[in-house]
Amino acid sequence: MIPSRLHAPRALRRARLALASVVLASAALLAPASAAAQGAGDPTLAQTLFEEGRRLMEAKSYAEACPKLAESQRLRPGTGTLLNLALCNEALGRTATAWGQFKEALFASKKEGNAAREAFAQEHISALEPRLSKIQLNAESTPGLLIRVDGHDIPAAALGTPIPIDPGSHQVEATASGYTVWSTTVQVGENADLKTIAIPKLQPAPAAAATAGPQGPGAGGGGVGNGGGSAGGGGLRTAGFVIGGAGAAVLGVGAVFGILAAGQASDAEDDPTLCPGKQCSPRGREAIDAAETKALVSTIGIGVGVAALGAGAILVLTSGPSNTEGAPAAGARRGSLGRVQARVVPLIGADGGGVGVLGRF
């Protein structure tokens, strides 16, 4: 019987192509996140917004200046921009927001060794602290209780503690899965006002409402509430993770078959009893055919896996923020700069929640 010509190189090429596809697919899926991280700052736009913000501040148009300075700081964080933003918020009467930003600038200035900025920030902190208004939230125990102020989550560790807050009207809401929503509006004064809010134990929701699911923007099945999300967004996110997970599994199977195909074809090529002189015997031909079958399975599996991963990523990215995003940090944190000791506390501002830094030098 005339031995068959060797087809191992074709099987090897197919298997190697499949494995290369895995690498390229991984790079493609990771590229958007990397690009987003690299494109976080636009120095030209940041400088333009900073200069416009400063011009508006000099014209005492603080309400217009603050958003421009905030965006400049987001695009390209800098201690100088942060100090100007704090001054702008202070001029608008947002004492808690300004105090937190001056605290952040103080620590940054100390780290940078800029004594002038450090002294400037400390001067404003000392002037603001006696004027800070605060809100204290006291809550009776309800399983899975979630508390939000102006749509921002308040961690359980902050309950019972006076939290710096900007003067003005604020919405307090308490939710829990299977319970009715409780809410109230509180008006906080300008100078050292302290408002204490007693949040009662939530009442169980009616059976029909409980079956349909928790009501209100903060409802979230025991997770941290998310005012910007929706049930549909959560479903899309879950579906995205499921599809993406299945795609990753199929992609892994395809990669395994690619490795097996490459190994089997290479072994057949190097085995003198199967393919002597680059001419395959019937047994060698069977080995090559089996390798080609594995390579084909690998190619199909990788294609399906990449498609599923892409679909899952799209669903996750378009579903909106998850129910646990945006929760303020709680507890104590210690800095490692010389003898600086600091802890982070939540702040509630007119334009959003945040954190402030308490510490000693």
> residue 49 is checked against (1) crowded, with 21+ Cβ neighbours inside 10 Å; (2) within 24 Å of residue 125 (Cα to Cα) and fails just one. What number does that condition carry?
Replying inline: (2)
>> Anything in the range 186-201 that is over 10 Å from residue 167 (Cα atoms), in a strand (DSSP E or B) and either among the basic types (Lys, Arg) or in contact with a Gly (Cβ under 8 Å, 6 or more places away or on another chain) (or both)? List them, or say none.
In response: 195
> List the pairs whose first member sits in the range 70-97 and is closer than 26 Å to residue 133 by Cβ and open to solvent by 30 Å² or more (accessible area, probe 1.4 Å), whose second member is at pLDDT 95 or above and of a type in the set (Gly, Ala, Ser), and whose Cβ atoms are under 7 Å apart, counting only residues at least 6 apart or on separate chains?
Replying inline: 90/98; 92/63
> Which residues, taken from the range 105-125, are open to solvent by 50 Å² or more (accessible area, probe 1.4 Å), more than 13 Å from residue 80 (Cβ to Cβ) and touching a residue at least 24 places away in the same chain (Cβ under 8 Å)?
Replying inline: 110, 111
> When you scan the range 177-199, how many residues do you find that are in contact (Cβ under 8 Å) with a residue 40 or more places away in the chain and either among the hydrophobic types (A, V, I, L, M, F, W, C) or surrounded by 12 or more Cβ atoms within 10 Å (Cβ to Cβ) (or both)?
Replying inline: 12
> What's the number of the condition residue 128 fails, among (1) buried (at least 20 other Cβ atoms within 10 Å of the Cβ); (2) touching a helix residue (DSSP H, G or I) at 6+ places or on another chain (Cβ under 6 Å)?
Replying inline: (1)
>> Looking only at the range 261-287, how many residues end up being aliphatic (A, V, I, L, M) and modelled with pLDDT of 70 or more?
In response: 1
> Given 126, 169, 133, 141, which one is at pLDDT below 95, over 28 Å from the mean Cα position of the chain (by Cα), over 23 Å from residue 47 (Cα atoms) and among the hydroxyl-bearing types (Ser, Thr, Tyr)?
Replying inline: 141
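The values are calculated or read from the model by the stated rules, or taken from the named source; none is laboratory data. Since the model is a prediction, treat every value here as computed from it, not as a measurement. So basically every Cβ, Gly included, is an ideal-geometry build from the backbone, and we count neighbours across all protein chains shown. Side chains are part of the model used for accessible areas, which takes the heavy atoms of the whole protein and leaves out ligands, DNA and RNA. Shrake-Rupley method; radii C 1.70, N 1.55, O 1.52, S 1.80 Å.
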